[in-house]
Amino acid sequence: MIVVSDTSCISNLLTIGHAALLKDIFSEVIIPPAVERELRRFHQAIPSFVRLVVPQSSVGVEALVREVDRGEAEAICLARELRADRLLIDEKRGRAIAQREGIQVIGILGILLIAKNRDLIRSVATSIERLEKEAGFRLSTEVKRAAIAKAGENLK
């Protein structure tokens, strides 16, 4: 499975000490240079299962930079070039553009739900709470409740 990531999923999971979930679920995650730079701004180390790949189409990246930030643009372009099975991205605008380009997306909530189903984490609700408190991750109450209900848990 080929999985490309924007910054947010990796960064947020690193912040709460759950980055290994990505390795457990996907084995390897590919990132473009702009995402690597963004990650290094906030984290001392990038996990060994994260591999750097440079997008080939600078024209494609520059076209997308008009709509989203450089990290998202490079990740979307790279996912398209590699025919990735999934793009890990949370930002609404970036997700919409990726889907417009025919790229399957998954965000951090999807990752947490897979992790719960595989018994890699005990509680989606607790992970969401930690993301909000420790990483500053923002979710609407409606989205949070839906994810927690999908995990078969109750909102605290």
* Of the listed values [x] 17.3; [y] 15.7; [z] 17.7, grab the one calculated as Kirkwood radius over Cα pairs in Å from the structure here. => [y]
* Structure fact -> Total charge of the residues flanking residue 80 in space, meaning their Cβ is under 13 Å from its Cβ, with Lys and Arg +1 and Asp and Glu -1, is -2
* Quick one: if the Förster radius is 22 Å, what FRET efficiency do residue 45 and residue 83 give, using the C-beta to C-beta distance and rounding to 0.05? -> 0.15
* Asked: Counting other C-beta atoms within 10 Å, which of 7, 15, 141 has the fewest, and how do the rest follow?
  -> 141, 15, 7
* To do: Please identify, among 29, 143, 61, the residue showing maximal mean-square fluctuation in a Gaussian network model of the chain using a 10 angstrom Cα cutoff.
  => 143
* Taking springs between alpha-carbon atoms closer than 10 angstrom, which of 63, 135, 19 fluctuates most in the Gaussian network model of the chain? -> 63
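Any read-out appearing in this document is the output of simple, stated calculations on the displayed coordinates, not a laboratory observation. If you're wondering where the values come from, they're calculated on a predicted model, not measured in any experiment. For neighbour counting, all protein chains shown are included, and Cβ atoms are generated from backbone atoms with ideal geometry for every residue, glycine included.
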